[in-house]
Structures are given as C-alpha cells and as structure tokens.
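Trainee: Dropping a structure here in structure tokens format, bear with me for questions.
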Amino acid sequence: MAQNYDSITGQVLIVDDEVELAKSIGEALQRLGHVCTIVHDLPSAEDELRHGSFDLIVTDLRMENEDDGLKVLAATQQTQANAECIMVTAYGDVKTTKAAIGGGAFDFIEKPLDLNILRNRCQRAIEKAVMKMQNRQLREQVDEKFGLEGIIGNSPAIRRVLTLVRQIAPTDIPVLITGESGTGKELVARAIHSNSPRARKNFKPLNCAGLSASILESELFGHVKGAFTGAERDRQGVFEYANGGTLFLDEIGDMPLEMQAKLLRVLENGEIVRVGSNEPRHANVRLLAATNHELEKLTEQKQFREDLYFRIRGAHIHLPPLRDRREDIPLLVSHFASQFANKMDKQTVDIEDEAMNVLVQFDWPGNVRQLINTVQNMVLVCATQAIELQHIPVELRSGSPVGVSAQSLDNLAGLSLEQLEKLAIRNALGMYKGNREKAAKMLGIGERTLYRKLNEYGIK
C-alpha cells in the first residue's frame, strides 16, 4: 500500500525570539507527533543547522536584525538538503514575501498565527521534505547498486527489475528487454552495460524500426568506399564500434527477415563483413535487444526467426507499464517537476493533492515518456507556487478511472466479485495514500464498512 502521508512525522527546528510564541508553535506541532527543537536567535539556529538534521525549519523573519530569518533560510539551503522552511512574521510586506519565497521558502505566514493553518502547512512541508529525502535515497541506492540513472520507483515491479539487472549485469549473457513504448528499455540496457565488465568500452544503441534491409545492413556491419552510391569512404558499423562493449538493438521485432538471418550468423561466429567487402572482421560484443512486440507470436506467424529469438533471449527482463505501478507515479511526478523547475528557473515543484490524484488515475498509454512530457508542460504553464488541477492537460482530466481502462479490461475478465472488490479497495487506498476516509468516499461506502472489508480481506 502507498505511504500514508497523514501519519508522517518529522524533525522541526523552530526559531523565534518571542519565547512564548515559539513554545506555542512547538506544542501545536508536537500534538501531531513531530519532534521540535526551539531556539531564539540566529547563532543558535545556525549551530543547530550545522550539527542537526531537520525536515522543517519554522523561523521568524525579524529577530535581533530585520534579515535574520532570511539568513536562517540561507543557512538551511546550505546545510539541510531535503528540508523545507516556513517564514513567520508580523511584517507581511510584498517585498519581504518575494525575498523569502525567492530564497526557497516553502511558505510565508503572517502573525497573529492561526495554529490550525500553521499545522496544516507544516504537515504539507514535512511531507514534501520526506518525499525529497525518499527520492534522494532511492536514486543513491539505485545508482550505487545498479547504475540505473533516471529510473525512479519503489514498487515491487521495479524492485524485481533492479534485482534482475544486478544478477544479469556481471555476465555476458544476451538479454531481451520487453515492454511497451516509453517504459525505459534503453535505460535498463545502459544500466546492464554500466555494471558489467564491459563498462569501460562503448555502449551503442541502434533503433531497427523503419530501416530498410540495405540501410540496416550498412548500419550494423559498415561499408567500404564505393559499395553503393554515396559511399564516399569506408565506414565502420555499430558492431565494430561496440567491439569489446555492448550493442543495444532497440525494436528488434521490426527487423526485416533477411537481416535477421545475417544477424544470426554474426552472433554465431562473431565475424562481420562490411557491405562491398569480402574481408571478415572480428567483433566481440554483448547483445542486448528490446521490443514492444510479442516475439513468440511473431515466430508463430513466421515474421521473426525462431532460432534468432532463442539466441537473443538468453535472459529476459520485462518492464511493466506505468498503469501497473501507479504507486511510483507520485515519485516520478515530484522528481521531474523539480528537475524541470530548476531548468526553467522556477520555484514550482509542489503538486496539489487533487492534481496528483488525477495523475495517479490516468492510464498513461505512453508510459514514463508521456508522463515526462506532461510534467514538463505543467511546470511550463504553471505560474503559481504549486501545480493545480487547472494545469493538467484536459485529456488527462477526462481520462479513464483506475481499473476500467480499455487496456485493463482484459485483465479483469474471470475475476470473482470478491476479487474485484479487493482490487477496487486496494486501488482506492493507493490513490489516496492510505486515507480510508477518502477511499471510502470514492468507493461509495461508509468508512466503517471499508474498515470491516479491510479486516475481512486482510488488507493492511
């Protein structure tokens, strides 16, 4: 089940020279389970930031000096990579507000404080800080263990992929990577290469889709000068370029049959012959191949050689579509929103809950590639502090709800009513991050009924 962010607690540093106010803020946040450290001046705050670890800093803007709060914010940016900062002040002028937000503050609250508003905003800031920390830790773990730069996710499906990469990478076995377009097949291929003994040699990708047999032969094996019109000089193919390294043939299911036979011979004897030449050349490559087709069906239809299929399928990695790992969508959206905001010199990285729910529900036929393009567009058009429902493309807002898309209807065939009910409950809980009240409302049942169903089905 997805993380329930309502239950997240964090480490909070409170900086305010008004002792009673600081104490009130601390008590309000402690009731939510947060651990609060209270200091009353800039030097003490800087000392805590240097030696402690915090998820949220709540600081007064003006203390002994008018800009002490901004200095606390600057120190936070330098020492606390994942932390968020909320500014509190009795002087809510526009210029100071812009300076605080421009300096990276999460929010800005004027005195006198409404403690309910303060608690809600602090909870949101801590949730964001925890999300940033999880993203950072996940990327560090993935990069350290697998080298899967750019692949974000913590779902069981992605964990299985990472385990396979770790097992397969040190070997020289050919690998077939399958999955729909946009699921990240080339990223997996690069990860296998970068964690293999061939990592210091070249990694060369070649997309076979849309290439005629003659062009593909030249791309694979190279040609000599004068081999055909326009061949003005000798040229090595991708086999020679990747000698000692890894060759990645994307969309291999689209390769013409006559080229499949020539590729098979090369894989069997390790020798290539440039177009227009009779001289064999040795090429030692590890082959990784990918396709969004079902090669078994293509072999049955005689559109793909069975002997080549068995040759390239030494090991098999299947990448699930994004709709089958929805719990990864919040991580992906937050990661790419932050990435694009930095590139566009914007502060917009937060995502409103209603907007995130729409993104989680959408089926993403273009998978991660479509999600990346969508997030880029949302960050581009967003002029507020957070991406809202209005910033989501219309076609996503009117998309199919979870579990009833055209792509998933076949998967529901044959399920019993009990199994369908379990699936609906799990999807609803995942969509609302474990919030039973919201999940029950979406399902059209009472919260007590949902609680009874959870116990009945053993869903935690």
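Trainee: Restricting attention to the range 21-45, and to residues there that are outside any strand (DSSP E or B) and polar (S, T, N, Q), which single residue is surrounded by the most Cβ atoms within 10 Å (Cβ to Cβ)?
Mentor: SER24
Trainee: Take the range 313-348 and flag every residue that is hydrophobic (A, V, I, L, M, F, W, C) and part of a loop (DSSP other than H, G, I, E, B).
Mentor: LEU319, MET344
Trainee: Here is a check on your reading of the model: is GLU300 farther than 23 Å from MET131 by Cβ and free of Cβ contacts under 8 Å to residues at least 40 places away in the same chain?
Mentor: It is true that GLU300 is farther than 23 Å from MET131 by Cβ and free of Cβ contacts under 8 Å to residues at least 40 places away in the same chain.
Trainee: Only one residue in PHE310, PHE304 is farther than 21 Å from LEU389 by Cβ, modelled with pLDDT of 90 or more and in a loop (DSSP other than H, G, I, E, B). Which one?
Mentor: Going through PHE310, PHE304 in turn, the sole match is PHE304.
Trainee: (1) over 25 Å from GLU180 (Cα atoms); (2) without any contact (Cβ under 8 Å) to a residue 12 or more places away in the chain; (3) in contact with a helix residue (DSSP H, G or I) (Cβ under 7 Å, 6 or more places away or on another chain): which one isn't true of ASN342, the others all being true?
Mentor: (3)
Trainee: Still on this model: Just a yes or no: is a residue in the range 130-146 assigned to a loop (DSSP other than H, G, I, E, B), modelled with pLDDT under 85 and over 30 Å from HIS34 (Cα atoms)?
Mentor: yes
Trainee: On to the next question. Looking only at residues in the range 425-450 that are under 21 Å from LEU322 (Cα atoms) and not in a helix (DSSP H, G or I), which one is modelled with the lowest pLDDT?
Mentor: The extreme case among them is LYS433.
Trainee: Select, from LYS422, LYS453, LYS460, the only residue that is out of contact with any Phe, Trp or Tyr (no Cβ under 9 Å at 6 or more places or on another chain), basic (Lys, Arg), more than 23 Å from VAL333 (Cβ to Cβ) and modelled with pLDDT under 80.
Mentor: None of the others qualify; the one that does is LYS460.
Trainee: If you don't mind, another one. With the requirement that a residue be within 20 Å of LEU187 (Cα to Cα) and basic (Lys, Arg), what does the range 292-341 give you?
Mentor: Result: ARG313, ARG323, ARG325, ARG326.
Trainee: Starting from residues that are surrounded by 19 or more Cβ atoms within 10 Å (Cβ to Cβ) and closer than 23 Å to ILE158 by Cβ, keep the ones in the range 296-319 and report whichever is farthest from the chain's Cα centre (by Cα).
Mentor: By that ranking, first place goes to ILE317.
Trainee: With the checklist (1) part of a loop (DSSP other than H, G, I, E, B); (2) buried (at least 19 other Cβ atoms within 10 Å of the Cβ) in hand, flag the one item ARG62 doesn't pass.
Mentor: (2)
Trainee: Can you pull out every residue in the range 245-259 that is in contact with a Cys (Cβ under 8 Å, 6 or more places away or on another chain), in a helix (DSSP H, G or I) and among the acidic types (Asp, Glu)?
Mentor: ASP254
Trainee: Among the listed residues GLU48, GLU27, GLU66, which satisfies the condition of being in contact (Cβ under 8 Å) with a residue 12 or more places away in the chain and not hydroxyl-bearing (Ser, Thr, Tyr)?
Mentor: Step by step, each of GLU48, GLU27, GLU66 is checked, and only GLU48 is in contact (Cβ under 8 Å) with a residue 12 or more places away in the chain and not hydroxyl-bearing (Ser, Thr, Tyr).
Trainee: Still on this structure: I'd like to check something: does the range 341-361 contain any residue that is among the acidic types (Asp, Glu) and at positive phi?
Mentor: Yes.
Trainee: Filter the range 274-291 down to the residues that are farther than 16 Å from PRO174 by Cβ and surrounded by fewer than 17 Cβ atoms within 10 Å (Cβ to Cβ), then identify the one that is nearest to the chain's Cα centre (by Cα).
Mentor: Looking at residues that are farther than 16 Å from PRO174 by Cβ and surrounded by fewer than 17 Cβ atoms within 10 Å (Cβ to Cβ), I get HIS282.
Trainee: If you go through the range 147-179, how many residues are part of a loop (DSSP other than H, G, I, E, B), touching a Leu at 6+ places or on another chain (Cβ under 9 Å) and modelled with pLDDT of 85 or more?
Mentor: 2
The values are calculated or read from the model by the stated rules, or taken from the named source; none is laboratory data. Predicted model, so just to flag it, every value in this text is computed and none were measured. With ideal geometry, Cβ positions are generated from the backbone for all residues, glycine too; neighbour counts draw on all protein chains shown.
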